[in-house]
């Protein structure tokens, strides 16, 4: 009996060793096609160079350096795809989207979810490969990989078995549309990095999104306006009412819009109303605050839309309207809630963009 136990243990160790010594071809993601960048940055996985743009708080600085919404386009004939990563720091929250990777593969002209994977909160081994998908059929695949929403990367490598091809894929996404906003635009509470409403919008419409979500910190600050002025894009979509309080909205909205119109003449500037927060269901203080934000934004946007022909106001909706919740915490939509949000804005935005030849 003891001999059999020793034999089984030896086999298990052998299989474990074989798994650990699997030979991978690794290619730095930034050397493939890294999409969604507004600017070149010394660290390619940063969204904003904080040595160039000043004024951010410590938390905002962190958010400038996370790759939320950045994507990697590549093609491969591999049957298995993985990633390895070296974090500078990793967010410790439970959501996999914060330090995980989300893979889509094109099939019959549509991006279909293929696999995802995350790393431990205390991940320190850049050689470790996390398999995202395996046992695929032979043939070349066109792949779209979403990077983590809330961790800073030093290195990220796409991994396929040795002997397989791995090359950059030319982007099929058209034009450039900036999405700047709150935790909603950032994608907070999503289970996977590709489930924020801007990323769903990109997959569904084929329009290239420039992701500028800043959880808790999109308050129309002048230093954020500095950044938005310098981003060259075809259209600009803002979610500006979810973070600032009523006095901030009253003080900052119209000057912020004035700056955007002056910096981007003739470009559509689309402002989103803040959604209904399920916290308002029974909380009277929340009803007063968030209802007041919507009421004020409605009145101010009438002024802005009358003043500027290229400024538009749309009203997203992330609710199920059947008595059931579509949020993760009474504030942030869950994956389904973000799908509802995207569905509510897709047609209105496309209708606006069509007027400018963006389609």
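From the set of residues in region 275-294 that are free of Cβ contacts under 8 Å to residues at least 40 places away in the same chain and touching a helix residue (DSSP H, G or I) at 6+ places or on another chain (Cβ under 6 Å), which is surrounded by the fewest Cβ atoms within 10 Å (Cβ to Cβ)?
287
If you go through region 315-335 one residue at a time, do you hit one that is under 27 Å from the mean Cα position of the chain (by Cα), farther than 28 Å from residue 205 by Cα and in contact (Cβ under 8 Å) with a residue 60 or more places away in the chain?
Yes: region 315-335 contains one or more residues that are under 27 Å from the mean Cα position of the chain (by Cα), farther than 28 Å from residue 205 by Cα and in contact (Cβ under 8 Å) with a residue 60 or more places away in the chain.
When the residues of region 93-125 are filtered to those that are more than 20 Å from the chain's Cα centre (by Cα) and more than 20 Å from residue 188 (Cα to Cα), which remaining residue is surrounded by the most Cβ atoms within 10 Å (Cβ to Cβ)?
Here the residue is 123.
I need the strands (runs of 3 or more DSSP E) fully contained in region 133-183, keeping only those with at least 1 residues that are more than 21 Å from the chain's Cα centre (by Cα).
Strands (runs of 3 or more DSSP E) meeting the threshold: 141-146, 151-161, 166-168.
Run residue 59 past the list (1) part of a loop (DSSP other than H, G, I, E, B); (2) at pLDDT 95 or above; (3) within 18 Å of the chain's Cα centre (by Cα); (4) surrounded by fewer than 16 Cβ atoms within 10 Å (Cβ to Cβ) and report the number of the one that doesn't hold.
In the conditions (1) part of a loop (DSSP other than H, G, I, E, B); (2) at pLDDT 95 or above; (3) within 18 Å of the chain's Cα centre (by Cα); (4) surrounded by fewer than 16 Cβ atoms within 10 Å (Cβ to Cβ), residue 59 misses (1) alone.
Go through (1) under 29 Å from residue 327 (Cβ atoms); (2) without any contact (Cβ under 8 Å) to a residue 60 or more places away in the chain; (3) out of contact with any helix residue (DSSP H, G or I) (no Cβ under 8 Å at 6 or more places or on another chain) one by one and return the number of the condition residue 133 breaks.
Status for residue 133: all satisfied but (1).
If residue 209 satisfies every condition in (1) outside the structural domain of residue 56 (by TED's automatic domain parsing); (2) over 16 Å from the mean Cα position of the chain (by Cα) but one, which is the exception?
Going through (1) outside the structural domain of residue 56 (by TED's automatic domain parsing); (2) over 16 Å from the mean Cα position of the chain (by Cα) one by one, residue 209 breaks only (2).
Conditions first: (1) under 26 Å from residue 149 (Cα atoms); (2) out of contact with any strand residue (DSSP E or B) (no Cβ under 7 Å at 6 or more places or on another chain); (3) part of a loop (DSSP other than H, G, I, E, B). Residue 266 passes all but one, so which condition is the exception?
Result: residue 266 fails condition (1) only.
Among (1) buried (at least 19 other Cβ atoms within 10 Å of the Cβ); (2) more than 14 Å from residue 71 (Cβ to Cβ); (3) out of contact with any strand residue (DSSP E or B) (no Cβ under 7 Å at 6 or more places or on another chain), where does residue 218 come up short?
(3)
Of all residues in region 66-100, which are in contact with a strand residue (DSSP E or B) (Cβ under 8 Å, 6 or more places away or on another chain) and assigned to a helix (DSSP H, G or I)?
Matches in region 66-100: 96, 98.
The values are calculated or read from the model by the stated rules, or taken from the named source; none is laboratory data. The structure presented is a predicted model; accordingly, all values stated were derived computationally and were not measured. Counting neighbours? That spans all protein chains shown, and the Cβs are built from the backbone with ideal geometry, glycine included.
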